[in-house]
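As structure tokens, the structure follows; a few thoughts come after it.
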Amino acid sequence: MNTPTPNPTCVQVYGIPNCDTVKKARAWLTEHGIAFEFHDFKKQGVPPAAVDHWLHTLGWETVLNRKGTTWRKLDAATQAAVQDAASAKAVMLAHASVIKRPVVEWPSAQGEAQVSVGFIAPIWAKGRL
């Protein structure tokens, strides 16, 4: 799959367009005049290098959504096999909907993007990611 290279100076929003939380996050960014690029997991796939960054930055337990429908539909053996970052990454790449959404990469003056998962307007408004 040919995935475009993200713009390092622009907020990157990763998710699924019909996810209510992603919709709210995108609307909030637009309302606040924050330019962003949206990466649709369904159309563009899940970029493995980005997942590595998210897991390194936030930890697999934060990025993996164990409360969602997709996780609950996985067989017990697949669920039980997720015990570390490598096994979580494998499931995330195979089943994009088990990634908590949205994942947002915020540009940083230091070069490496800050990463947040989910959308909580008051936290975003205060700039605390």
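Quick notes
- Within region 22-40, being among the β-branched types (Val, Ile, Thr) and under 12 Å from the mean Cα position of the chain (by Cα) holds for one residue alone: Val22.
- Options Val115, Val91: the member that is buried (at least 17 other Cβ atoms within 10 Å of the Cβ) and farther than 14 Å from Val46 by Cβ: Val115
- Checked against the criterion of being farther than 22 Å from Ile16 by Cβ, modelled with pLDDT of 95 or more and either assigned to a helix (DSSP H, G or I) or within 11 Å of the chain's Cα centre (by Cα) (or both), region 91-100 has no qualifying residue.
- Looking at Pro107, Pro47, just one residue is at pLDDT 95 or above, closer than 23 Å to Arg26 by Cβ and out of contact with any Phe, Trp or Tyr (no Cβ under 6 Å at 6 or more places or on another chain), and that residue is Pro47.
- Residue check for His39: touching a helix residue (DSSP H, G or I) at 6+ places or on another chain (Cβ under 9 Å), surrounded by fewer than 14 Cβ atoms within 10 Å (Cβ to Cβ) and at pLDDT 95 or above: no
- Failed condition for Lys43, given (1) of a type in the set (Lys, Arg); (2) under 12 Å from the mean Cα position of the chain (by Cα); (3) over 21 Å from Trp124 (Cβ atoms): (2)
The values are calculated or read from the model by the stated rules, or taken from the named source; none is laboratory data. Model, not experiment: these values are computed from the prediction. Reconstructed Cβ throughout: ideal geometry from the backbone, glycine too, with neighbour counts over all protein chains shown.
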